[in-house]
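Below is one structure; the comments refer to it alone.
Read-outs throughout are calculated quantities, based only on the coordinates presented, and are distinct from any laboratory measurement. Since we're looking at a predicted model, the values are computed, not measured. Cβ placement follows ideal geometry from the backbone for every residue including glycine, while neighbour counts extend to all protein chains displayed.
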Amino acid sequence: MRLYDDLAWLWPMWGSPEEYADYCDHVMRLIREYAQIPVRSLLNIGCGGGKNVFNLKRHYAVTGLELSPRMLELAQELNPECEFVQGDMRTFVLDRPFDAVLVDDAVSYMVTRPDLRSAFVAAWQHLNPGGIMIVGPDDTKETFVQNHTVVTPAAGKTRPANIEVTFVENSYDPDPGDDQYEATMVYLIREDGRLRVETDRHVLGLFTLDVWRETLTEVGFRIRQMPYVEKGRQYTTFACLRPACADGRAADNMNIKVTSFEESEADIRFVRDTVFGDEQNVPRELDWDGKDRDCVHVVAADNGGQPVGTGRMQPDGTIGRLSVLQQWRGRGVGMAMLGALIESASSRGLEEVHLHAQVHAIPFYERNGFQRDGPRFVEAGIEHVNMTRNTHPGVGQVSSEAEPCVSPDELPT
Ligand SMILES: C[S@@+](CC[C@H](N)C(=O)[O-])C[C@H]1O[C@@H](n2cnc3c(N)ncnc32)[C@H](O)[C@@H]1O
């Protein structure tokens, strides 16, 4: 493809970086809404000349991955402060995972289903649990228009004064029975008034939306499909969550309910008696402290409506009694309940939530936005520390990477 090789110098003229700002705002909205962890690092796969990176780098630590050395040079020039790596989106291996991945329109170069799948697997492998991948097709079988031609003049700001360029792009599908089409580019280049015509042919993937959904889901992503409208045309974007728990499907089978003690007393008693009473031998009178009727509660139940976890929040925002039945630990239940309680605090106008964390659970809470507040102390024979979190930034963005297995909360003295 000459556009990414000997004609790569034309790329900066095919739309300015600022023209990518709207799409990047859309990407950031989806990340904010669907990631289960705070997103600080982002990998832009197939970053081309780095125009998306240009808009995203103000919000995340962005790394770009790209196949073409010429395009990498352009991306680096536009974004000298960012890291860029050469690699094929189907096979690359980096030494670290990221909180979010944006697979650029470069995904259009996946022309077979196995290639599409390989690109999604590689992205999954570079995502932290709870992280989000944003990806979307330029065209699908449903939206493709046969023999469509678009003519675009060079973007003014990036064009040298003595050069005029017109980009002509024609899309044609010679065999609607397969999964690809061809884009023929004609570049009309006038240098000091002299015309030069260059041509270029790209083979691009063309799948149904069903194939996209099936492939993403098979890889393990939990997907949300969102429309994105640009210049009057509607595109589909997929927000693809790598579930925070080890077994995403198990978490899918779970229902989280914010509730009251009156409404859910039997379920709450069942879980807490099992975890604190039977398993941890905490005296019943310490657990049942008479404060439950004043609290907001959360109950996690399995598909059949059986309770598997619970937690509570006092009127002052103190979260506690977070407990999960043994066979449900490590599946994101505690994470989901914590997120629900933080959201509930926010909707009640509480600025902060607090908890007494058992010392082993401190890293879990720190990853979920809590900060230590004061020295260690002993409660019910166990070392604890006070932790606090603002309810505003990243509400509900919680990670269960090292989910505390039982009660990370306070036990009454
Ligand atoms: C249209 S450009 C992307 C431009 C990008 N949106 C930007 O902000 O500048 C498509 C890019 O996909 C890259 N590409 C194609 N196949 C690839 C692959 N298998 N792995 C990684 N990048 C690939 C091309 O080299 C090209 O730079």
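Pull out the extension gain between E73 and I382, defined as 0.36 nm times the separation in residues minus the alpha carbon to alpha carbon distance; nm, one decimal.
Extra length from E73 to I382 when fully extended: 105.7 nm.
Pull out the extension gain between L188 and E142, defined as 0.36 nm times the separation in residues minus the alpha carbon to alpha carbon distance; nm, one decimal.
Full-extension gain reported as 13.5 nm.
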(Q) Connecting C-alpha atoms closer than 10 Å in a GNM of the chain, tell me which of L94, L206, L127 has the biggest fluctuation. (A) L94
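Can you pull the Rg over Rh of the range 148-205, Cα-only, Kirkwood?
1.11
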Q | Cβ charges +1 (Lys, Arg) and -1 (Asp, Glu), total dipole of the range 248-390, debye | A | 400
Q: Calculate, for Q225 and V359, the FRET efficiency according to 1/(1 + (r/R0)^6) with r their C-beta to C-beta distance and R0 30 Å; round to the nearest 0.05.
A: 0.10
Q | Label-zone membership for the range 29-50, site T152, 7 angstrom Cα→C-beta point, backbone N under 14 Å | A | 48-50
(Q) Multiplying the sequence separation of N170 and E33 by 0.36 nm and subtracting their Cα-Cα distance, what value in nm do you get? (A) 45.7 nm
Q. Q280 versus Q327, label points 7 Å from Cα toward the beta carbon: distance in nm?
A. 2.2
